[in-house]
Amino acid sequence: MAEAVVTEPYPTVAPAQLAARYGLRAAGERPGVREYIRSLWAYRHFIVAFANARNVATLTTARLGQLWHVLTPLTNAAVYYLIFGVILGTSDRIENFVAYLCCGIFIFGYTSAVASAGTVSITANLNMIRALQFPRASLPLSVTITQLQQLLASMAVLIAIVLVTGEPPRLAWLTLIPLLLLQTVFSGGLAMLLARLGSKIVDLKQIMPFVLRTWLYGSGVFYSLTTATDNMPTWASTLLHLNPMLVFIELAREALITTTPPSHFSVESMWLVALGWAVVMGALGFFYFWRGEKEYGRG
């Protein structure tokens, strides 16, 4: 009678151990921070090309095309000048109110446009997200670059307005370069933060116009916030003056306009506040967006 052959069962190996042994990774797994930054840098050409394509595609069906990127803030400036400068008499209390107003509108409009486009940068590109593998932060970053390109074109118009209204060229104009760099870092971080929130809260895009309008009226775009808060408690006035958009606008005015209304903070303090906002929002937006990398385009 033949002896029964006893076979040892195959040793059980955990799926995680098998994946580690053969270098397999879960589909859609969130990469580490350093790896994610490296992948963004590797896709830098894609980000710029996508931004350029968005810029060219915007308003191509309009007769005046890309000119609307400049005409829109100028039209807003004309409307606000009529209401605040003429009807409410703000122009009588602020020297060179035209340049003062245009600085506020152009600088605020940049971050406002980034925030609006960043909110829908994920939901508006779901087909591409589901079809292609790339770092999703490329989308809100490309939105920021698109708006930066439009701002740079608008800045030439703003400088022309400043010159026409009697302001002399000054070396202080060069401070616009680091200022726009800080504002771009801030705006990029804000775009990434809102991109993730917008992918989770679909109705956020309906709420954003009201949020941005409130932000506009609280940023001293067409009036002096320092004068308006004279009768407020010091702590309340200081809190309102920590508004990042107010700081960016005030620094732009300090660079372009010779005589401006007194500010709550010194120029040096405003630069520190601007730097702080850029670092905080840039880091917060990036890490918040990175933590949701594997969620985008699913469900």
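The values are calculated or read from the model by the stated rules, or taken from the named source; none is laboratory data. Just so it is clear, the structure is predicted and the values come from calculations on it, not from any experiment. In this analysis, Cβ positions are derived from the backbone assuming ideal geometry, glycine residues included, and neighbour counts consider all displayed protein chains. What goes into the accessible areas is simple: the full protein's heavy atoms, side chains included, and nothing from ligands, DNA or RNA. Shrake-Rupley method; radii C 1.70, N 1.55, O 1.52, S 1.80 Å.
Using the beta-carbon distance between Thr227 and Tyr288 and R0 = 35 Å, what value does 1/(1 + (r/R0)^6) give for FRET efficiency, to the nearest 0.05?
Details: r = 36 Å, r/R0 = 1.04.
According to the calculation, E is roughly 0.45.
Heavy atoms only, 1.4 Å probe, whole protein assembly: order Ile87, Ile122, Ile207 by accessible area, highest first.
Ile87, Ile207, Ile122
Once ligands and nucleic acids are excluded and a 1.4 Å probe is used, how much of His264 is accessible, expressed in Å² to the nearest 10?
That residue has around 70 Å² of solvent-accessible surface.
Going 7 Å from the Cα of Thr234 along its beta-carbon direction, which residues of region 255-299 have the amide nitrogen within less than 17 Å of the resulting point?
263-266
By accessible area of protein heavy atoms, probe 1.4 Å, what ranking do Val280, Val143 get, highest first? Provide the component values of the computation, followed by the final result.
Details: Val280 85, Val143 5 Å².
Most to least solvent-accessible, the answer reads Val280, Val143.
On full extension of the chain, what length is gained from Thr214 through Leu132, given 0.36 nm per residue of separation minus the C-alpha to C-alpha distance?
25.8 nm
Taking only protein heavy atoms and a 1.4 Å probe, what accessible area per residue, in Å², does region 195-240 have with all protein chains in place?
Numbers: 2770 Å² over 46 residues.
Per residue, region 195-240 has 60 Å² of solvent-accessible surface.
In region 108-141, whose amide N lies under 20 Å from the spot 7 Å out along Cα-to-Cβ of Glu295? List them in ranges.
115-131, 134-141, by backbone N distance to the label point.
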